[in-house]
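The structure under discussion appears below in the form of structure tokens.
The values are calculated or read from the model by the stated rules, or taken from the named source; none is laboratory data. Computed from a predicted model, the values in this text were never measured in an experiment. FYI the Cβ positions are ideal-geometry reconstructions off the backbone, even for glycines, and counts take in every protein chain you see. Just so you know, the surface numbers come from the protein's heavy atoms only, side chains and all, with ligands and any DNA or RNA stripped out. Shrake-Rupley method; radii C 1.70, N 1.55, O 1.52, S 1.80 Å.
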Amino acid sequence: MDHQNAVKEALNALYHHPQDEVRSKADEYLQGIQRSIDAWQVADNLLHDPTSNMETLIFCSQTLRSKVQRDFEELPSEAFRPLRSSLNTLLKKFHSGPPKVRTQISIAVAALAVQVPAEDWGDGGIVNWLRDEMNSHPEYIPGFLELLSVLPEEVYNYKIAARPERRRQFEKELTSQMELALNILTACSKINELKEQVLEAFASWLRLRHGIPGSVLASHPLVVAALSSLNSELLSEAAVNVVSELIHYTTSGSSGGILVQMPLIQVLVPQVMSLKEQLQDPSKDEEDVKAIARLFADMGDSYVELIATGSDESMVIVNALLEVASHPEYDIASMTFNFWHSLQVILTRRDSYISFGDEVSIEAERSRRLLVFRPAYESIVSLVSFRVQYPQDYQNLSIEDLKDFKQTRYAVADVLIDAASVLGGDATLKILYVKLAEAQACWGNGHSEWRPAEAALFCIKAVSNYVSDVEAEVMPKVMSLLLELPHQPQLLQTVCLTIGAYSKWLDAASDGLPLLSSVMKILMHGMGTSEDSAAAAAVAFRHICNDCRRKLCGYFDDLFPIYHRAVIGEGSFRISAEDSLHVVEALSMVITELPPDQAKQALEKLCMPVVNSLQGVINQGPEILEKRPARELTVHIDRLAYIFRYVNHPEAVADAIQRLWPLFKAIFDIRAWDMRTMESLCRACKYAVRTSGRFMGITIGAMLEEIQALYQQHHQPCFLYLSSEVIKEFTARPDIADDCFLLASRCIRYCPQLFIPSAVFPMLVDCSMIGITVQHREASNSILTFLSDIFDIAKSSVGEQYLSIRDSVIIPRGASISRILIASLTGALPSSRLETVMYALLALTRAYGANALEWAKESVSLIPLTAVTEVERARFFQALSDAASGIDINALMVPVEELSDVCRRNRTVQEIVQGALRPHELNLITVS
């Protein structure tokens, strides 16, 4: 009683007290109650209490539902009957509402049915029990109907802490009672007030995808009721849900497939097609039109393979989908976008035509289909292109609305790419150029409307990868128009991006250099107009310098002023520091095309303004340098990193880094405490190492000596990263370096003779055992990779000679390692890392055979039977044994996932499992 009163007071405080601190304490108390075993009785009592207010009823119904889902195992087995009886009483009590409470009680009963086998439930299982209750108490049918509706939904609710085997059994129980459930719904459908609820429940049961033949469903009273209700104002939403599920049902694998379901398809399609006229009916409510459009979209998505044959019947559906795509409301039109993509994939994928036999037949059928669907995709290009146009009030759009607008543009761009895949890029470009030419009238002859031109250019940019580099009919006209467009900021931004997108075409153009000179002037305007247009111009400049580098390498001195203004920040340029890196990359790629002697001079010229700026900061003295914000250094260092990364002249870069090393060393010495500066500097050194390779000479030794000494003092992870990069570049295999343990992994792979016999090896293994379960993804993965490399060392011919040393370190620790890995699988690490942990456990098992299997068996046996049954243990152990003997690793995934699922099914079980598996001698991190 004390708890009940306290809950009422806490809820009152949570919803009505003016002080945040009081509300916070009330919330903390209520969460604590929900986690406690007392919650069962408190929630049940308050739900039965006629004086409980709405807030109390909602809280307690949610609490009871959550307890049944997650914590049912807290209760003794004899508690099931009283709990079911109480929930049944509550279901009757709230049969007419409040809806939120009734729904929570219904879900609780359904969750109970998932947890309890049919034989323990009695009465022939829950559906039989439900039928009997409805027959005995017809006055409570609305409440029981909601329970019938949520039952199939709970099959896939993984909040319920049921074992995987029990969940599969429950699905079988429901599918075996499908006919009974539909009979109950059919009987209820005769009551007019219940028709909507019946249809929603029918849609729910259809999601089980149980294989009822199409010939049976085609004439089933519930299907007939749903189809006849499509035009009913009161029932149309529920009817649409049913028909949508029926459409999906006809193509699901478990339903037998399209051929088996053809009788039902032949009933559904004409009924949906009869709604076509309503798409354009101005008197229809928008939500009703959206529901009808959804049916056409579902039909297109589900029957796309049939439609792709290009038959006369399928083109009727395609034309209907074009009508949906033409609807002025984007939310409605966009429902078809997935269909156009799926159809494009089928039409262009060779696998779609294999059944036609030889190449000639395949190509003939492919050409026929592409020709059939050509008009549809030409229409789609016109129908979607206008949707990317900036709205009149774009300057007043909220952040969310602007985000939605950008998402719309991305979606339309994807549809245009689908069209270009079918029509060809050149043909799509012709359609879009018409839009651009039409837009010319809006900004010519004294008019200043720029939005149609910007929209047309956005679309032209979207299909750039599909337009031929030698297209000579339309692209010259497009480029000519670009030179005439006004420099409105949004339009100029898109102009710049379009220029960059067609950089390969510019390289192939016959009048290349004059045209390049003209577009470069446009990019210069872009760099000085707005931050957005400057960013676009910088990206375009990079694309042009990359793709046209051979033409531009003789004009380095002409391009350098653009670079200089971008990195120094002089003049009118509005390029941010981040976007200036595109310009750095651009000039670096031009230098790559120069002969070595010219490249060396050009590289010096490129570095000079950056080095001068950096030197200016350093010359202020150590005390001032130490206090400077990291940004003042990293903005320059990052530019040098890009130069070292993209100037592909190893000797020139090696010479540059040798000259710059004193500058770098000064920053290392003074700012070694500053992680941000050190990460930037190590990144620059990394790219210098990668590009220069063995030309670095003595600089590499000085660099290693510096970072190893600094690591002892400051423990910056980037120092290990740079060490790892050096090892990678100066050894045979180019694996990716990560943190300390990936550095150790690299030592195992490349120089085991130095690492494995050393005193560091066993110490690092001990560290890895402590660190496996650290809640930091990269660190945990690195440790697991390190251990896997140790276990797999026998795979390399170099590593075989160190097996005895490895075994002397691993075997004494093998039982603990196995125990930690199994703890990680069962909850100490997030389930997203299962595959990485599983591979480490498998590698351990393959390396140590029977010993490892015994270690695993000992570890799993520590888990109490209340958490994991003998059958579940045996299944996991057998899978591990099979995988260790050479069976495909994928065979291990399902048993591992099931063991993981069982051990994580609720907080109590997870704490029991982790408490049993945590080795006492290790300071492992507690799972919260």
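Of the residues His636, His564, His582, which single one is in contact with a Leu (Cβ under 7 Å, 6 or more places away or on another chain) and of a type outside the set (Val, Ile, Thr)? Spell out the reasoning first.
On the way: His564 fails: in contact with a Leu (Cβ under 7 Å, 6 or more places away or on another chain); His582 fails: in contact with a Leu (Cβ under 7 Å, 6 or more places away or on another chain).
After applying the criteria, what remains is His636.
With the requirement that a residue be assigned to a helix (DSSP H, G or I), open to solvent by less than 10 Å² (accessible area, probe 1.4 Å) and not β-branched (Val, Ile, Thr), what does the stretch 661-674 give you?
Scanning the stretch 661-674 gives Phe664, Phe668, Arg671.
Considering only the stretch 9-34, state which residues are surrounded by 14 or more Cβ atoms within 10 Å (Cβ to Cβ) and out of contact with any helix residue (DSSP H, G or I) (no Cβ under 6 Å at 6 or more places or on another chain).
Passing the criteria: Asn12, Lys25.
Report yes if Ser228 is free of Cβ contacts under 8 Å to residues at least 12 places away in the same chain and of a type outside the set (A, V, I, L, M), otherwise no.
yes
Among the residues of the stretch 823-836, write down those that are under 17 Å from Val868 (Cβ atoms) and touching a Leu at 6+ places or on another chain (Cβ under 6 Å).
Hit for the stretch 823-836 is Ala823, nothing else.
Return the residue satisfying two criteria in turn: it lies in the stretch 479-506 and is open to solvent by 40 Å² or more (accessible area, probe 1.4 Å) and at pLDDT 95 or above, and of such residues it is nearest to Tyr390 (Cα to Cα).
If we take residues in the stretch 479-506 being open to solvent by 40 Å² or more (accessible area, probe 1.4 Å) and at pLDDT 95 or above, then Gln493 is nearest to Tyr390 (Cα to Cα).
Being among the hydrophobic types (A, V, I, L, M, F, W, C) and either more than 20 Å from Arg683 (Cβ to Cβ) or not in a helix (DSSP H, G or I) (or both) is the filter; apply it to the stretch 600-641 and report the residue that is least open to solvent (accessible area, probe 1.4 Å).
So the residue we want is Ala602.
Is it the case that some residue within the stretch 229-248 is open to solvent by 60 Å² or more (accessible area, probe 1.4 Å), over 19 Å from Ala203 (Cβ atoms) and not in a loop (DSSP other than H, G, I, E, B)?
no
Look at Glu897 and say whether it is among the acidic types (Asp, Glu), closer than 28 Å to Pro812 by Cα and open to solvent by 40 Å² or more (accessible area, probe 1.4 Å).
So Glu897 does not fit the description; no.
Testing Asn781 on (1) open to solvent by less than 20 Å² (accessible area, probe 1.4 Å); (2) outside any loop (DSSP other than H, G, I, E, B); (3) in contact (Cβ under 8 Å) with a residue 40 or more places away in the chain, one condition comes back false. Which one is that?
(1)
Between Pro142, Pro164, which is over 18 Å from Ser77 (Cβ atoms), open to solvent by less than 70 Å² (accessible area, probe 1.4 Å), under 37 Å from the mean Cα position of the chain (by Cα) and in contact (Cβ under 8 Å) with a residue 40 or more places away in the chain?
Answer to the check: Pro164.
Which condition number in (1) within 15 Å of Ser204 (Cα to Cα); (2) surrounded by fewer than 21 Cβ atoms within 10 Å (Cβ to Cβ); (3) out of contact with any Lys or Arg (no Cβ under 9 Å at 6 or more places or on another chain) is the one that Met273 fails?
The single condition Met273 does not satisfy is (1).
The conditions are (1) of a type in the set (S, T, N, Q); (2) assigned to a helix (DSSP H, G or I); (3) closer than 30 Å to Phe560 by Cβ, and Gln712 fails exactly one of them. Which is it?
(3)
Could you pull out the residue among Ile362, Ile317 that is more than 27 Å from Tyr410 (Cα to Cα) and β-branched (Val, Ile, Thr)?
Working: Ile317 fails: more than 27 Å from Tyr410 (Cα to Cα).
Going through Ile362, Ile317 in turn, the sole match is Ile362.
Residues that are in a loop (DSSP other than H, G, I, E, B) and surrounded by 15 or more Cβ atoms within 10 Å (Cβ to Cβ): does the stretch 43-59 have at least one?
Within the stretch 43-59, one or more residues are in a loop (DSSP other than H, G, I, E, B) and surrounded by 15 or more Cβ atoms within 10 Å (Cβ to Cβ).
Hand me the list of helices (runs of 4 or more DSSP H) wholly inside the stretch 273-330 holding 1 or more residues that are touching a His at 6+ places or on another chain (Cβ under 9 Å) and among the hydroxyl-bearing types (Ser, Thr, Tyr). Step through it out loud before you land on a result.
Numbers: elements: 286-302, 304-307, 312-325.
The helices (runs of 4 or more DSSP H) meeting that bar are 286-302.
I'd like the full set of residues that are among the small types (Gly, Ala, Ser) and either surrounded by fewer than 16 Cβ atoms within 10 Å (Cβ to Cβ) or under 18 Å from Leu185 (Cβ atoms) (or both), limited to the stretch 84-135. Before the answer, list the steps.
The initial filter retains those residues of the stretch 84-135 that are among the small types (Gly, Ala, Ser), namely 85-86, 96-97, 106, 108, 110-111, 113, 118, 122, 124-125.
Ser85, Ser96, Gly97, Ser106, Ala110, Ala113, Gly122, Gly124, Gly125, listed by residue number.
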